[in-house]
Every structure is written in structure tokens, then in C-alpha cells.
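Engineer: There's a structure below that I have some questions on.
The values are calculated or read from the model by the stated rules, or taken from the named source; none is laboratory data. Given the structure is predicted, the values throughout are model-derived calculations rather than measurements. Here the Cβ positions follow ideal geometry from the backbone for every residue, glycine too, while neighbour counts run over all protein chains shown.
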Amino acid sequence: MKKYYIKAVQEALFEEMERDPRVFLMGEDVRIGCFAATRGLCDTFGEERVIDTPIAELGVAGAGVGAAATGSRPIVDLMFGQFLMLAYDQISNQANAMRYMFGGQTRIPIVYLVQNGTGPALGPHHSNSVHPLFMNIPLVKVIMPSCPADAKGLLKSAIRDDNPVIFFNHTSLGGMKGEVPDDGAYLIPIGKGDIKRQGTDITLCTVGLMTNVCLEAGKILEPEGIRAEVVDLRSLKPWDKALVYESVKKTGRFLAVDESYHTCGAGAEWVASVAEDMFEHLKCPPQRLSGKEIPIPFSPALQKYAVPNVEAVVDRVKRMVGRGAPR
Amino acid sequence: MDKDKLIFMYERMVLIRKFEEKAALLFSQGQLAGFLHLYVGEEAVAAGVCAALNEDDYIVSTHRGHGHLIAKGGDVNRIMAELFGRTTGYCKGKGGSMHVADFSKGMLGACGIVGGGIPIAVGAALTAKLNKTKQIAVTFFGDGASNEGSFHESVNFAATQNLPVIFLVENNGYGEFTPQMKAMRIENIADRAKAYGIPGVIVDGMDAAAVYETTKIWAEKLRAGEGPVLIEAKTHRKSGHSEGEQAFLGGQAYRIPAEEELARSIDPIDILRSALIRESGATEEALAKIETGAAEAVEAAVAFAKDSPFPSEADLFADAWV
């Protein structure tokens with residue numbers, strides 16, 4: 001049955017809270033559920049397990065760490081990726097480090113849940129793609145799905161994982177519809193990518209909303225005889241190198257498409273790895289399409305140029321396969 | 001007050017003192033690597049608080065954490081081994097002085113980020129509330145940390161949730177090398193409690209019995225369902241912020257002369273010792289035996305640490321992912 005992305009997220013939360021009484025949810029306005037994902041959970045699980053917090057990202061993120069360290073399994077909803085900046089200390093110095101720096105005495109099973117990336121003109125403080133900042137922290141897992149089914153299967157896995165997980169729902173995908181399994185045992189393993197479109201001429205490596213942009217580009221390229229393979233990583237850390245490398249072996253061309261910034265962005269990591277390990281399979285230099293290095297501007301007329309779009313992907317692919325105007 | 005309880009606190013305080021003095025010596029001899037923040041002078045706070053707690057209550061510590069762990073029943077062998085970076089240390093050499101922890105005793109870790117441990121205690125209290133266990137959580141932090149955003153966010157959140165947390169500020173008058181009055185315009189940090197609608201209490205942090213009595217009262221209230229409390233223990237750092245700090249100071253003085261004189265002249269161990277003899281009938285011999293025993297335990301800890309192996313490269317990724 002087709003369901004909205006945000007409904008798939010809600011189902012995952014509901015099923016996992018029902019399955020494990022140690023799981024609880026807290027954050028700003030989670031009872032009301034501003035993005036609808038957490039709406040209604042309080043009716044079933046009560047205010048002890050669905051906790052409306054003050055707007056205090058650092059304190060709440062840290063309280064989650066302490067709860068996880070003592071045997072609970074918190075899901076901390078901090079709304080937007082850029083709000084995670086206020087919580088960065090607790091995530092990058094405590095949540096990820098406590099198990100290791102205390103010699104394995106504890107584990108920190110916590111999920112930080114936020115929206116990430118460009119939305120409907122949300123402006124410079126609600127549109128950035130912050131995932132590379134968390135890929136750069138050791139010992140956290142980072143996830144960003146591209147469709148409802150993946151969101152459900154991955155969020156359930158994240159909640160069951162014993163490591164800290166940053167779970168990014170792309171801000172523009174809440175209203176996306178897709179088939180979602182009803183099976184409560186439906187899980188997608190963290191770290192497994194998915195080939196969303198088969199192709200032979202170029203590998204488009206991507207994640208989140210950009211997966212859908214690449215799929216659109218793939219459709220446009222098809223009649224021109226260019227078959228693009230779209231690898232949706234789904235998990236940014238750990239990421240499915242094996243799947244990407246298999247694809248590159250087949251296509252010989254690699255383009256990273258990601259909303260995050262060019263410098264030290266997710267695409268930089270993917271391209272560097274492909275260049276290091278797959279050089280002999282490449283027919284042309286691996287390339288990146290990234291977000292422009294500016295705060296995301298408000299005006300819809302400008303935002304569309306700030307991150308990769310379908311036209312940019314089509315154009316770059318054509319150049320890489322030798323069909324476009326020279327760069 | 002119950003003599004056994006006073007003796008118990010005396011044992012822990014003396015053990016902390018002997019441990020810290022030994023650590024200072026080892027550091028000055030170049031035998032310990034890294035940073036070393038000592039608890040000398042503040043022993044009555046940790047000992048008094050922890051004597052009033054149950055074994056399964058939680059504490060969260062600071063960068064000055066050896067004393068808190070010893071007070072909660074930590075093993076000096078494993079703390080010393082951690083300072084030496086050995087595999088037998090509490091953290092198998094991964095944490096060092098600033099990250100000693102013993103989860104089996106509810107000690108959820110020392111912490112190298114000022115204010116970093118405060119929200120963690122709030123989370124431990126959330127677990128206790130969720131599981132209806134009647135455990136409480138104490139977070140120790142300094143006057144300096146009370147200026148951090150994490151303090152404000154944590155106290156306010158705990159207050160709104162009525163969580164069983166004791167926010168225990170050890171006011172030693174200095175945030176690193178900066179006197180308290182240069183970092184805030186109030187003298188009593190307990191006054192900040194009012195801003196969160198919770199009680200704020202001041203206790204003499206040099207008097208272990210007073211710290212114990214105060215903590216006991218509030219621990220019982222919290223177990224009965226009363227919300228958080230801010231307890232300010234006025235104390236003094238007999239050591240500096242960090243051992244070997246002269247290297248950072250370039251010869252500049254930072255202590256306020258009158259405070260430094262006071263810190264030198266009063267000693268929480270002497271205060272408890274006198275009280276034990278004067279009011280509880282403890283004998284010199286009995287107390288001397290405690291002191292000798294503590295010194296021997298610390299010597300044995302050093303030997304244990306030095307006899308323990310260093311971790312190897314193969315241990316680098318141990319305890320990383322679950």
C-alpha cells in the first residue's frame with residue numbers, strides 16, 4: 001500500500017516503541033509532532049515516553065546520552081539538521097566517545113532524528129545539509145533515506161542499533177508517496193546501499209532527495225542512449241563501498257551528486273575513495289556535483305541553483321560521456 | 001552523627017588525598033603523561049555526597065574526577081592503572097585521568113568538557129524515572145561550568161520534568177585560572193536555582209558531615225518524588241587547576257592572596273579528624289591506622305599499574321562499534 005514518507009517514519013517509531021519499552025522519544029513539540037512523524041504517539045505511549053522538552057538542543061541531546069548510557073534507548077527529535085549544531089558537543093564528544101573512552105563499559109543506543117537539506121524555501125537556517133559534519137565524527141552512524149520504504153526499514157534498524165545514529169529525513173521528502181511493507185519485522189540493514197536504477201554508462205552516487213533528482217535525470221538521459229546507474233547509498237556512514245565499486249567496474253564513470261558543500265562534503269569522500277581504489281576502472285576523472293558554498297538562500301528563484309538539480313546532473317553526465325559541450 | 005558513617009567518610013577522604021598526592025609526585029617525576037587535575041582540598045564534597053547515596057545511584061563527574069570515583073567506591077588500582085595508560089585501567093588506557101568511570105558503581109564518567117557531564121545526569125535520572133527505580137543522579141560540576149549553556153539547559157529541563165537530580169556545584173572559586181567574581185556577578189551560585197523554580201542550598205564544602213547531612217536530606221526528598229535541587233558546596237582547591245600549571249602561567253599569579261591563605265589554612269581532613277576525636281571518641285591509633293592503610297593501598301596501586309601491560313596497536317579499535 002502506498003504511504004507518505006512521513007507516515008512510514010511514524011510507523012517505524014510506533015512499531016519500535018511498542019516492541020521495546022526501553023525506547024522513548026523526546027524533543028521540542030514531539031507530542032504535537034510538527035512534521036506529523038511523532039503525532040499521536042503520546043496517545044498510545046503516554047507523556048513518560050513521549051516527552052515534550054524545552055527548546056534546549058544541547059541539554060536534551062546530552063540527556064539522551066545519559067539515558068542511553070543507563071539502559072534506555074532514546075530517540076531525540078531535534079527538528080532540523082542545523083539545530084544539531086547546538087547539540088554538536090554532546091554528539092561529537094560524548095555520544096560517540098563514551099563507549100570507547102570508557103573502555104567498553106557502556107553502549108549508547110541513541111537516535112538523533114532531524115530534517116536535513118533544502119525544503120520549501122525555509123531559508124539559511126533550515127535548509128543546509130549538515131550530514132558531512134557527522135560523517136566526520138568517529139563512531140556514529142549516519143543515515144539519509146530517499147523513499148518511504150527505506151525510511152521505515154532504516155529507522156527501525158537505527159532504533160535497534162546499539163551505536164549512536166544520526167537519522168536525517170530529507171526535508172523535501174515528507175510528502176513523497178511510495179510502497180511501504182506493513183510487516184513489523186521489515187528492516188533494512190544500516191550500511192547497505194541500493195541500486196535504484198540500473199545502467200551501464202555512468203554511476204551516479206547519491207543519497208536522500210538527490211536520489212530522486214538522479215532518477216529523473218536518468219529518465220531524461222535514456223532516450224539519448226545514455227544509461228545512468230543510480231546508486232542510493234541510504235547510509236552515509238558506514239557507506240556501501242562494495243556496491244559503488246561494483247557499479248564503477250561496470251560503468252567506468254563516477255559522478256557524486258550530493259546537496260552538501262563541495263569542500264569536505266559527502267561527494268568529496270566518495271570521489272576520493274573511488275579515485276584511490278578504482279582508478280584503473282575509470283574512463284574519465286571521477287567528478288562531483290555539490291551544494292554551492294553559500295548559506296542556502298530563501299528565494300525559491302535562488303534556492304534551485306544552490307543545490308544540484310536535474311538539469312545540472314543531465315548536463316554533467318553528458319559531458320562526462322563525451323556528448324556535451326567541452327567543459 | 002553516626003560514628004561509623006564519619007569513619008567511612010574519613011577513610012574515603014584520606015584515600016583520595018593519598019592518591020592525589022601520589023599522582024602529583026608521579027606527575028612531577030614525569031611518570032604520568034597528559035593532563036592531571038587534582039581534587040586535593042575538595043575531598044569532603046565527594047565523600048560527603050557519596051556517603052549519602054545508594055550504591056546504584058548515579059554520579060557524573062568532571063575533569064577533576066579521581067575523588068568522585070574513589071568516593072563512590074572505585075578501585076584505586078584501576079584508577080592508577082588508567083593514569084598510567086595501562087590495559088588494567090578502568091578504561092583500558094583509552095580515557096586517562098580525565099575520563100575515569102565505573103559504571104558498575106553508577107559512576108558514569110569524568111569528563112574533559114566543562115559542563116559536559118551535566119546533561120548526562122539528567123538522562124540518567126530520566127532512565128530512573130522511566131523504570132520507576134527510585135534511583136537518583138548527582139552531577140558534580142564547578143563554578144566555571146555553571147556559566148555554561150549546558151547548565152542552564154539541564155537544570156531547566158530537569159525542573160520541568162521534576163527529575164531526581166542533585167546539581168552539585170563545587171564552588172572552589174576559580175574556573176581554571178579565572179576567579180569566580182570575574183566570571184559572574186553573584187557570589188552564591190545557589191541563587192541561580194531561583195531562576196529555575198527549584199531550591200538552592202549552600203553547604204560548607206570543607207565539612208564532610210555537613211555535606212553528608214545536606215545530601216541525605218535532599219536525596220530522600222528526591223526519592224519521595226520531589227524535583228531537582230541545586231546544592232552549592234563552598235570549597236577550596238589546595239592544588240592548582242592543573243599539575244605543572246606553571247608552564248601555562250608563565251610566572252603569573254592568579255590566586256587571590258586572601259583566598260589562597262584560607263585554602264592553605266583549612267583542611268577538610270583535619271576538620272573531620274578533629275571532630276572524630278573530639279566528638280566521636282575515635283582514637284589516634286585508629287585514625288593513624290586508616291592513614292597508613294590508605295598510603296599502602298596507593299603504593300600497591302602504583303605497583304599494580306606499573307606491573308600492568310600497555311595496550312597494543314591491536315587494541316586500537318577495541319570497544320569502538322558495538
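Engineer: Within region B:47-69, can you find the residues that are of a type outside the set (Gly, Ala, Ser), touching an Asp or Glu at 6+ places or on another chain (Cβ under 9 Å) and either outside any loop (DSSP other than H, G, I, E, B) or at pLDDT below 95 (or both)?
Structural biologist: Listed by number, the residues that qualify are B:CYS50, B:HIS66, B:LEU69.
Engineer: I'd like to check something: does region A:25-35 contain any residue that is outside any helix (DSSP H, G or I), within 25 Å of B:VAL138 (Cβ to Cβ) and facing chain B (nearest Cβ under 7 Å)?
Structural biologist: Scanning region A:25-35 turns up no residue that is outside any helix (DSSP H, G or I), within 25 Å of B:VAL138 (Cβ to Cβ) and facing chain B (nearest Cβ under 7 Å).
Engineer: From the list B:PHE317, B:PHE304, which residue is more than 14 Å from chain A (Cβ to nearest Cβ) and either of a type in the set (Gly, Ala, Ser) or under 16 Å from B:LYS92 (Cβ atoms) (or both)?
Structural biologist: B:PHE304
Engineer: OK, next. Quick one: which residue in B:GLU213, B:GLU220, B:GLU226 is part of a loop (DSSP other than H, G, I, E, B) and more than 17 Å from the chain's Cα centre (by Cα)?
Structural biologist: B:GLU226
Engineer: Let me ask another. Scanning region B:115-151 for residues that are within 22 Å of B:ASN188 (Cα to Cα) and facing chain A (nearest Cβ under 8 Å), which turns out surrounded by the fewest Cβ atoms within 10 Å (Cβ to Cβ)?
Structural biologist: Ranking the candidates gives B:GLY149 first.
Engineer: Taking into account only those residues within region B:54-64 that are within 14 Å of the chain's Cα centre (by Cα) and closer than 19 Å to B:THR215 by Cα, which is farthest from the other protein chains (Cβ to nearest Cβ)?
Structural biologist: B:THR62
Engineer: For region A:175-270, which strands (runs of 3 or more DSSP E) that fit wholly inside it have 2 or more residues that are over 18 Å from A:ARG316 (Cβ atoms)?
Structural biologist: The strands (runs of 3 or more DSSP E) meeting that bar are A:177-179, A:194-197, A:235-237.
Engineer: Given the criterion touching a Pro at 6+ places or on another chain (Cβ under 9 Å), farther than 23 Å from A:TYR5 by Cα and free of Cβ contacts under 8 Å to residues at least 40 places away in the same chain, identify the matching residue among A:ALA97, A:ALA68, A:ALA87, A:ALA63.
Structural biologist: A:ALA63
Engineer: Counting just the residues of region A:148-170 that are in contact with a Gly (Cβ under 8 Å, 6 or more places away or on another chain) and crowded, with 24+ Cβ neighbours inside 10 Å, which one comes out farthest from the other protein chains (Cβ to nearest Cβ)?
Structural biologist: Ranking the qualifying residues of region A:148-170, first place goes to A:PRO148.
Residue by residue, here is whether (1) out of contact with any Phe, Trp or Tyr (no Cβ under 9 Å at 6 or more places or on another chain); (2) buried (at least 23 other Cβ atoms within 10 Å of the Cβ); (3) more than 10 Å from chain A (Cβ to nearest Cβ); (4) among the aromatic types (Phe, Trp, Tyr) holds:
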site: B:ASN77; (1), (2), (3), (4): no, no, yes, no
site: B:ALA81; (1), (2), (3), (4): no, yes, yes, no
site: B:ARG86; (1), (2), (3), (4): no, no, yes, no
site: B:GLY89; (1), (2), (3), (4): yes, yes, no, no
site: B:MET107; (1), (2), (3), (4): no, yes, no, no
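Engineer: Any residue at all in region A:309-317 that is within 19 Å of A:TRP239 (Cα to Cα) and either part of a loop (DSSP other than H, G, I, E, B) or within 23 Å of the chain's Cα centre (by Cα) (or both)?
Structural biologist: Checking region A:309-317: not a single residue is within 19 Å of A:TRP239 (Cα to Cα) and either part of a loop (DSSP other than H, G, I, E, B) or within 23 Å of the chain's Cα centre (by Cα) (or both).
Engineer: Just need a number here: residues in region A:42-63 that are part of a helix (DSSP H, G or I) and either on the phi > 0 side of the Ramachandran plot or crowded, with 22+ Cβ neighbours inside 10 Å (or both).
Structural biologist: The total comes to 7.
Engineer: Out of the residues in region B:91-105 that are surrounded by 24 or more Cβ atoms within 10 Å (Cβ to Cβ) and more than 8 Å from chain A (Cβ to nearest Cβ), which is nearest to A:PHE102 (Cα to Cα)?
Structural biologist: B:VAL100
Engineer: Being touching a strand residue (DSSP E or B) at 6+ places or on another chain (Cβ under 9 Å), among the hydroxyl-bearing types (Ser, Thr, Tyr) and farther than 29 Å from A:VAL140 by Cβ: is that true of A:THR251 here?
Structural biologist: For A:THR251, the condition - touching a strand residue (DSSP E or B) at 6+ places or on another chain (Cβ under 9 Å), among the hydroxyl-bearing types (Ser, Thr, Tyr) and farther than 29 Å from A:VAL140 by Cβ - is met.
Engineer: Okay, next question. In region A:69-98, which residues are touching a helix residue (DSSP H, G or I) at 6+ places or on another chain (Cβ under 9 Å), closer than 25 Å to B:GLY95 by Cβ and either facing chain B (nearest Cβ under 7 Å) or assigned to a strand (DSSP E or B) (or both)?
Structural biologist: Selection gives A:ALA69, A:THR70, A:GLY71, A:SER72, A:ARG73, A:PRO74, A:VAL76, A:ASP89, A:GLN90, A:GLN94, A:MET98.
Engineer: Okay, next question. Can you spot a residue in region B:233-250 that is closer than 25 Å to B:GLN31 by Cβ, of a type in the set (Phe, Trp, Tyr) and surrounded by fewer than 20 Cβ atoms within 10 Å (Cβ to Cβ)?
Structural biologist: Checking region B:233-250: at least one residue is closer than 25 Å to B:GLN31 by Cβ, of a type in the set (Phe, Trp, Tyr) and surrounded by fewer than 20 Cβ atoms within 10 Å (Cβ to Cβ).
Engineer: Surrounded by 15 or more Cβ atoms within 10 Å (Cβ to Cβ) and of a type outside the set (A, V, I, L, M): does that describe B:ASP307?
Structural biologist: Spelling it out, it is not the case that B:ASP307 is surrounded by 15 or more Cβ atoms within 10 Å (Cβ to Cβ) and of a type outside the set (A, V, I, L, M).
Engineer: Considering each of B:GLU284, B:GLU291, B:GLU213, B:GLU245 in turn, give the residue that is of a type outside the set (A, V, I, L, M, F, W, C) and without any contact (Cβ under 8 Å) to a residue 60 or more places away in the chain.
Structural biologist: B:GLU284
Engineer: Pull out all pairs, ordered by first then second residue, where Cβ-Cβ is under 8 Å, the residues are six or more apart or on different chains, the first lies in region B:302-322 and is in contact (Cβ under 8 Å) with a residue 60 or more places away in the chain and assigned to a helix (DSSP H, G or I), and the second is hydroxyl-bearing (Ser, Thr, Tyr) and surrounded by 13 or more Cβ atoms within 10 Å (Cβ to Cβ).
Structural biologist: B:PHE304/B:THR88; B:ALA305/B:THR88; B:ASP315/B:THR87
Engineer: The conditions are (1) out of contact with any Lys or Arg (no Cβ under 8 Å at 6 or more places or on another chain); (2) under 20 Å from A:GLY291 (Cβ atoms); (3) in a helix (DSSP H, G or I), and A:PRO120 fails exactly one of them. Which is it?
Structural biologist: Every condition holds for A:PRO120 apart from (3).
Engineer: Can we say B:ALA159 is hydrophobic (A, V, I, L, M, F, W, C), more than 22 Å from B:ARG17 (Cα to Cα) and either facing chain A (nearest Cβ under 9 Å) or buried (at least 24 other Cβ atoms within 10 Å of the Cβ) (or both)?
Structural biologist: Considered against the rule, which asks whether it is hydrophobic (A, V, I, L, M, F, W, C), more than 22 Å from B:ARG17 (Cα to Cα) and either facing chain A (nearest Cβ under 9 Å) or buried (at least 24 other Cβ atoms within 10 Å of the Cβ) (or both), B:ALA159 comes out as no.
Engineer: Given the conditions (1) more than 25 Å from B:ALA224 (Cβ to Cβ); (2) free of Cβ contacts under 8 Å to residues at least 12 places away in the same chain, report the number of the one that B:ASN172 does not fulfil.
Structural biologist: (2)
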